[in-house]
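Just below is one structure, and these are the notes that go with it.
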Amino acid sequence: MTALPAVALGPTAPLALSSAIAGGLALAFGGAPLGVLLIARRMSLSGDALSHGILPGAAVAFLLAGPDPWALTLGALAAALVVTSLSSLLARTRRLPEDAAFAVIYLTALAAGVVLLARRAGPEMLESLLFGAVSGLDRSGLVLAASAATASLVALALFIRGFVADSLDPGFLRAEGRVGGALHLLFMMLVALNLVAGFRAFGALMTVGLMMIPAAGARFWAQGYAGQAAAAIAISAASGALGVLIAARAGVEPGAVMVLCGGALFVLSGLAGPHGGLLEQLTARGRLTSPERLAGRPRSS
């Protein structure tokens, strides 16, 4: 597995770094706003489930076409769409909640992918798919990431009211007819598309972290969806850029470092955020208790 510093030592070092940062930026614009909606729906683990579910598709593509980047991408996308569709169908039977349906399918898919890759590809290929290899982010990978971000932003601009309504009250739109189910399926396909766009460079497991952690941190900076989406994009973009630069110095792949940077920014948000942050709560508590203490003091003669 090619490490980022190995690329950085060559004459293409600036190109490798800029490509990794550009890929992280595309994932920030495409994935972070979707993460905000996933949290609003209390489906945070569904993104993690999808990130595991793409593995068997990539494994089958590897067995058929070898390590061809586009074959791996198409295989992963096909698997993600199958997982999304089956989970939605199981959830509509009303015998299983959607998160339980996701859990059943993604665990089965993950096990199948591990078995397939372990028999034919070896541990290095499995590690690359799960945790990423920046060498996989070539021009075609950047095009895919930019396309996923564009598709997500266009869909959000067109259907944001429906997405938000479905997030706040999932049963309402579905009770109105087919529109709710179609919007939900479209939303989950956008999540899958962004996960697939990021997995070649940052890994299937790490990409979901860049989608969900910034979205969680954004809740400390804004209350409405637009504000939270903007904050999530900013946190995700900063995590990506810092993670790539730190990984280049440390000699490791950037995916995990980017997620660690996101975790650090989440802690900072939880401390300093104006909406429920620790400092804001302590300040508000001080404002509430000070008048009470003054009122309880006996008047001086």
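Sorted fewest first by neighbouring Cβ atoms within 10 angstrom, I105, I21, I235 come out as I21, I105, I235.
Rounded to the nearest 0.05, what FRET efficiency do E127 and R42 give with R0 = 25 Å and r taken as the Cβ-Cβ distance? Could you check?
Using R0 = 25 Å, I get an efficiency of 0.20.
You can think of it this way: the chain between R139 and A250 has 37.5 nm of extra reach, that is 0.36 nm per residue less the Cα-Cα gap. Placing a label point 7 Å from the Cα of A264 along the Cα-to-Cβ direction, the residues of region 209-243 whose backbone N falls under 13 Å from that point are 238-243.
Would you please give the FRET efficiency between A182 and A100, computed as 1/(1 + (r/R0)^6) with r the Cβ-Cβ distance and R0 = 22 Å, to the nearest 0.05?
Using R0 = 22 Å, I get an efficiency of 0.45.
Set the Förster distance to 25 Å, then compute FRET efficiency between S85 and R161 from the Cβ-Cβ distance, nearest 0.05.
The pair S85/R161 has a calculated efficiency of 0.55.
Read the figures in this text as sums done on the coordinates, not as results from a lab. Only a predicted model underlies this, so the values are computations on that prediction, with no experimental measurement involved. No Cβ is skipped: glycine too gets one built from the backbone with ideal geometry, and neighbour counts run over all protein chains shown.
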